[in-house]
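The values are calculated or read from the model by the stated rules, or taken from the named source; none is laboratory data. From a predicted model like this one, the values you see are computed outputs, not experimental measurements. Cβ: placed from backbone, ideal geometry, glycine included. Neighbour counts: every protein chain shown. In case anyone asks, the SASA skips ligands and DNA or RNA and just uses the protein heavy atoms, side chains included. Shrake-Rupley method; radii C 1.70, N 1.55, O 1.52, S 1.80 Å.
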Amino acid sequence: MEIHNTPKLTLFHCINSFEETPSMFDNCQVKTVKMACASMTKDIHLLRAFEAGSDAVLVLVCPDKGCRYAQGSIRAKKRVDYVKTILDDIGMDGRRLSIFNTTAKDSRAITDIIQKTLVALETIGPNPALNHLN
Amino acid sequence: MITGSQKPINEIIKLVEPYKKVLILGCGTCVKTCFAGGEDEVAVLASALRLSFKQMAKSIDIEELTIERQCENEFIQEASPGIARNEAILSLACGAGVQAMAKRFAKEVVLPGVNTTFIGIQESPGIFTEECSGCGNCSLAIFGGVCPVTRCAKKLLNGPCGGSQNGVCEIDPDTPCAWHLIIERLTTLGQLDNLKTYIPPKNWNTSLSGGPRKLIREDHII
Ligand code: SF4
Ligand code: SF4
């Protein structure tokens, strides 16, 4: 059985909503996935992040009215909500997937989101499929 | 198109649980359009099943394949190698597709992953509406292209009931009154006189109520 102490996160983001800064990823391992637009958020990619062992998946997108393709952030939110229901249905807890509206410059808000996710994971627990992943 | 929606995941888990190797077989036509069984839905379902089974520490091999249409032998053939490699097929086609697979692969387990719902259209992105009940004797010409057999809750053929209000049906304010739509259409077409034609009680023998139907085209039978 794999020992899995450092929480693993996957962070999907559109090009305008995220920029890494030092110490942003303290106390966790984060894989970032850049998307040209939030509208590229797809249910299968979110699920595969969990299959790959993520304990939590974050999606960072522009504020609703800030999306340069008009509805990207809104579409992303709907898809995230859909995958959350799948996670709930299969007993994985939809709370381990979340979406936030951020701007790349606001590194404090992004760091805060990551740290709050780590705190939430203490309650939600690690990826329940992890110990059995091939 | 035939519309349907994917069965709840927990129902699907129970269906596939007895098998160690499962082919999830999508259909790339109707059910793809209504987001129930195209390749995207096959991939999402496969992923959700893998995650679910891993939590239960159960092993399952899932193969994914989507063919153009499960209701036509010509396309079904493509699934043969995948079917041979697996213990069960979870079909995400409509009920016709599932049965076509079961007929073609008589010794294989074919499970339905979709609840087939109705013959309809995508009215706007993500919204599908029922338009035809396949009654076997189409009268759309007289009704200006709006089907009261399907879209009037009471299947009235000679005008609206007294419950039609402000264009909506009395059974549900979200359902447009079919007869309101028929009259609007006939007005636009200048065919309001159609309403003077008395429509006799419908002969349901041509519908499913007359028993399972068969369509024969002699000129295509060799
Ligand atoms: S099997 Fe059903 S869903 Fe697939 S193309 Fe045929 S009618 Fe449509
Ligand atoms: S009249 Fe019959 S065949 Fe024509 S649309 Fe209505 S149900 Fe379908």
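Examine the range A:63-86 for a residue that is over 28 Å from B:ILE13 (Cα atoms), open to solvent by 50 Å² or more (accessible area, probe 1.4 Å) and of a type in the set (Asp, Glu), and state whether such a residue exists. So far as the range A:63-86 goes, yes, one or more of its residues are over 28 Å from B:ILE13 (Cα atoms), open to solvent by 50 Å² or more (accessible area, probe 1.4 Å) and of a type in the set (Asp, Glu).
Yes or no, residue by residue, for (1) out of contact with any His (no Cβ under 9 Å at 6 or more places or on another chain); (2) on the phi > 0 side of the Ramachandran plot:
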position: B:ALA46; (1), (2): yes, no
position: B:MET56; (1), (2): no, no
position: B:ALA88; (1), (2): yes, no
position: B:GLY97; (1), (2): yes, no
position: B:PHE105; (1), (2): yes, no
position: B:GLY126; (1), (2): yes, yes
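The residues on offer are B:THR129, B:THR150, and the sole one that is surrounded by 11 or more Cβ atoms within 10 Å (Cβ to Cβ), out of contact with any Lys or Arg (no Cβ under 8 Å at 6 or more places or on another chain), outside any helix (DSSP H, G or I) and not basic (Lys, Arg) is B:THR129. Determine whether B:LYS58 is surrounded by fewer than 19 Cβ atoms within 10 Å (Cβ to Cβ) and either over 13 Å from B:CYS94 (Cβ atoms) or not charged (D, E, K, R) (or both). It is true that B:LYS58 is surrounded by fewer than 19 Cβ atoms within 10 Å (Cβ to Cβ) and either over 13 Å from B:CYS94 (Cβ atoms) or not charged (D, E, K, R) (or both).
Have a look at B:GLY162, B:GLY136, B:GLY145 and point out the one that is assigned to a loop (DSSP other than H, G, I, E, B) and either under 14 Å from the mean Cα position of the chain (by Cα) or more than 15 Å from ligand 2 (Cβ to nearest atom) (or both). That would be B:GLY162, the only listed residue that is assigned to a loop (DSSP other than H, G, I, E, B) and either under 14 Å from the mean Cα position of the chain (by Cα) or more than 15 Å from ligand 2 (Cβ to nearest atom) (or both). Evaluate the range B:115-126: report whether one residue or more is touching a Leu at 6+ places or on another chain (Cβ under 7 Å) and buried (at least 17 other Cβ atoms within 10 Å of the Cβ). So far as the range B:115-126 goes, no, none of its residues is touching a Leu at 6+ places or on another chain (Cβ under 7 Å) and buried (at least 17 other Cβ atoms within 10 Å of the Cβ). Is one or more of the residues making up the range B:107-122 away from ligand 1 (no atom under 11 Å from the Cβ), basic (Lys, Arg) and either in contact (Cβ under 8 Å) with a residue 24 or more places away in the chain or not assigned by TED's automatic domain parsing to the domain that holds B:ILE9 (or both)? No, there is no match, as no residue in the range B:107-122 is away from ligand 1 (no atom under 11 Å from the Cβ), basic (Lys, Arg) and either in contact (Cβ under 8 Å) with a residue 24 or more places away in the chain or not assigned by TED's automatic domain parsing to the domain that holds B:ILE9 (or both). Checking A:ASP55, A:ASP43 one by one, the residue that is at pLDDT 95 or above and more than 22 Å from A:LEU118 (Cβ to Cβ) is A:ASP43 and no other. Would you mind stating whether A:ASP26 is among the acidic types (Asp, Glu), over 15 Å from the mean Cα position of the chain (by Cα), within 23 Å of B:ALA48 (Cα to Cα) and open to solvent by 50 Å² or more (accessible area, probe 1.4 Å)? It is false that A:ASP26 is among the acidic types (Asp, Glu), over 15 Å from the mean Cα position of the chain (by Cα), within 23 Å of B:ALA48 (Cα to Cα) and open to solvent by 50 Å² or more (accessible area, probe 1.4 Å). Do we find a residue being within 16 Å of ligand 2 (Cβ to nearest atom), more than 14 Å from chain A (Cβ to nearest Cβ) and closer than 28 Å to B:PRO8 by Cβ anywhere in the range B:200-212? Yes, some residue in the range B:200-212 is within 16 Å of ligand 2 (Cβ to nearest atom), more than 14 Å from chain A (Cβ to nearest Cβ) and closer than 28 Å to B:PRO8 by Cβ. Scanning the range B:149-184 for residues that are of a type in the set (Val, Ile, Thr) and within 17 Å of B:SER139 (Cα to Cα) gives B:VAL149, B:THR150, B:ILE182, B:ILE183. Residue count for the range A:60-118, restricted to those that are over 14 Å from the mean Cα position of the chain (by Cα), charged (D, E, K, R) and assigned to a loop (DSSP other than H, G, I, E, B): 3.
A:GLY53 meets the conditions (1) under 13 Å from A:HIS13 (Cβ atoms); (2) part of a loop (DSSP other than H, G, I, E, B) in every case but one. The failed one is (1). Residues that are hydrophobic (A, V, I, L, M, F, W, C) and within 16 Å of ligand 2 (Cβ to nearest atom) were ranked within the range B:1-29; the one that is least open to solvent (accessible area, probe 1.4 Å) is B:ILE2. Could you list, in sequence order, all residues of the range B:132-149 that are touching a helix residue (DSSP H, G or I) at 6+ places or on another chain (Cβ under 8 Å) and more than 15 Å from ligand 1 (Cβ to nearest atom)? Result: B:SER133, B:CYS135, B:GLY136, B:ASN137, B:SER139, B:ILE142, B:PHE143, B:GLY144, B:GLY145, B:VAL146, B:CYS147, B:PRO148. Counting only helices (runs of 4 or more DSSP H) wholly contained in the range B:1-117, the ones carrying 3 or more residues that are away from every other protein chain (no Cβ under 14 Å) occupy B:30-33, B:73-76, B:80-85, B:95-104.
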